[in-house]
1. Using the structure shown, decide if B:T13 is at pLDDT below 95, surrounded by 17 or more Cβ atoms within 10 Å (Cβ to Cβ) and not hydrophobic (A, V, I, L, M, F, W, C).
2. Could you go through region A:34-54 and let me know if any residue there is under 20 Å from A:R145 (Cα atoms) and outside any loop (DSSP other than H, G, I, E, B).
3. Select from region A:40-64 the residues that are open to solvent by 90 Å² or more (accessible area, probe 1.4 Å) and under 22 Å from A:E93 (Cβ atoms) and write down the one among them that is modelled with the highest pLDDT.
4. Does A:P102 satisfy the condition of being at pLDDT below 90, within 16 Å of the chain's Cα centre (by Cα) and not hydroxyl-bearing (S, T, Y)?
5. Quick check on region B:73-85. Is at least one of its residues under 19 Å from B:H147 (Cβ atoms) and either surrounded by fewer than 18 Cβ atoms within 10 Å (Cβ to Cβ) or not aliphatic (A, V, I, L, M) (or both)?
6. Hey, can you tell me all the residues within region B:96-105 that are touching a helix residue (DSSP H, G or I) at 6+ places or on another chain (Cβ under 8 Å) and either more than 22 Å from B:K159 (Cα to Cα) or more than 10 Å from every other protein chain (Cβ to nearest Cβ) (or both)?
7. Select from region B:117-159 the residues that are open to solvent by 60 Å² or more (accessible area, probe 1.4 Å), touching a residue at least 24 places away in the same chain (Cβ under 8 Å) and either out of contact with any Gly (no Cβ under 9 Å at 6 or more places or on another chain) or away from every other protein chain (no Cβ under 13 Å) (or both) and list them in ascending order.
8. Of the conditions (1) in contact with a Lys or Arg (Cβ under 9 Å, 6 or more places away or on another chain); (2) at positive phi; (3) away from chain A (no Cβ under 14 Å), B:G84 fails just one. Which one is it?
Amino acid sequence: MSRDKNNNESEAFYSCHCTPATCRERCGHEIVDVLLHEQADKDPALIDALLDLKFALTHRTDAEEILAVFCDLRQRLERRYYLAFYRLRRWLENQLVAHVSPGRGYAARSFPLVLKSKTVQGVTQLVRDTARETDPVFISTETLRIDFAFRTPATTASGLLA
Amino acid sequence: MTTTRTTSPQEGTKTGSKLAEGLNQVLADTYALMALTHHAHWNVEGEGFFALHAAFEEQYNDLFQAADEIAERVRALGAYAVGGLGTLAGLAGMEEPAAPVPQKDFVAALIDANEKTAGTIRKVKDLAGKEGDTETEDMLIARLQIHEKTLWMLKSYLK
């Protein structure tokens, strides 16, 4: 990147926003790619799980599917590669959001995802609990509708809308 | 752009020069990292508590002294040091974990923050080298060595 051509030069030069929680779209892909490179010929099961996530992220299949793939990968990643797991988890928490509504046709309210749980069911339960603690309208409703979605529209590697 | 070769305010960089701005970014990163490390020192819990609690204390004490040294270098260059918690945090832009978090998350967050700080230092060190400011360059090389050592220790903990 050229850093000497505009008035925002200092900001561009010194401000790195590329931390997993606030980074650009590609960071999660890069974490997966680095892991794949390091894992070549070492752990076929981990490679399979990484490739599943890479495929899901590249094609931006539905967000719940990405969560499910991440939960599967987590079991193989967390103990051995905690830093990569942490960065991927924080990146995903920033990429995805939960929309909660009392049911179809009602206005939904968005909640950030906290990926403490190791299963999609657990993540969903945490969102449900948070929603009920936050907004009384969700307490009276027995079955909440919870949809996972991306915070931002899909982008290509160059940052353009796909 | 002002060229910086001297160490006195009278002869050195004016406020807003690129090197002074860079040093202020190093200052902001260092201060924010100190606060994150202090936060981790207070709130870490679990099996590795004593080792992490003590290591974080050593790290934030070093960062506090470093922030003072960096700020005084900014002044020596004839510029003013940035300050105020909001300003420093805004400039640094580091993720702040909200306790309670697992101890490994504290360590991972500090790895990211140390890497961010080391990255800034590397850029400003190179700039100081290009401008012939060996005193600033020397100070930043020393800081870089400390961050690299800290990163080695933190990463070793996660393995």
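1. Details: at pLDDT below 95: yes; surrounded by 17 or more Cβ atoms within 10 Å (Cβ to Cβ): yes; not hydrophobic (A, V, I, L, M, F, W, C): yes.
Answer is yes for this residue.
2. Applying the first criterion (under 20 Å from A:R145 (Cα atoms)) to region A:34-54 yields none.
No, region A:34-54 contains no residue that is under 20 Å from A:R145 (Cα atoms) and outside any loop (DSSP other than H, G, I, E, B).
3. In this case the residue turns out to be A:F55.
4. On the way: at pLDDT below 90: yes; within 16 Å of the chain's Cα centre (by Cα): no; not hydroxyl-bearing (S, T, Y): yes.
No; evaluated as a whole, the condition is false for this residue.
5. Yes, region B:73-85 contains at least one residue that is under 19 Å from B:H147 (Cβ atoms) and either surrounded by fewer than 18 Cβ atoms within 10 Å (Cβ to Cβ) or not aliphatic (A, V, I, L, M) (or both).
6. Within region B:96-105, B:E96, B:A99, B:P100, B:Q103 meet the criteria.
7. Hits for region B:117-159 are B:E135, B:I146, B:E148, B:M153, B:K155.
8. (1)
The values are calculated or read from the model by the stated rules, or taken from the named source; none is laboratory data. Everything numeric here is computed off the predicted structure, so don't read it as measured data. Note that each Cβ is placed from the backbone with ideal geometry, even for glycine, and that neighbours are counted across all protein chains shown. Just the protein is used for accessible areas: all its heavy atoms, side chains included, with ligands, DNA and RNA removed. Shrake-Rupley method; radii C 1.70, N 1.55, O 1.52, S 1.80 Å.
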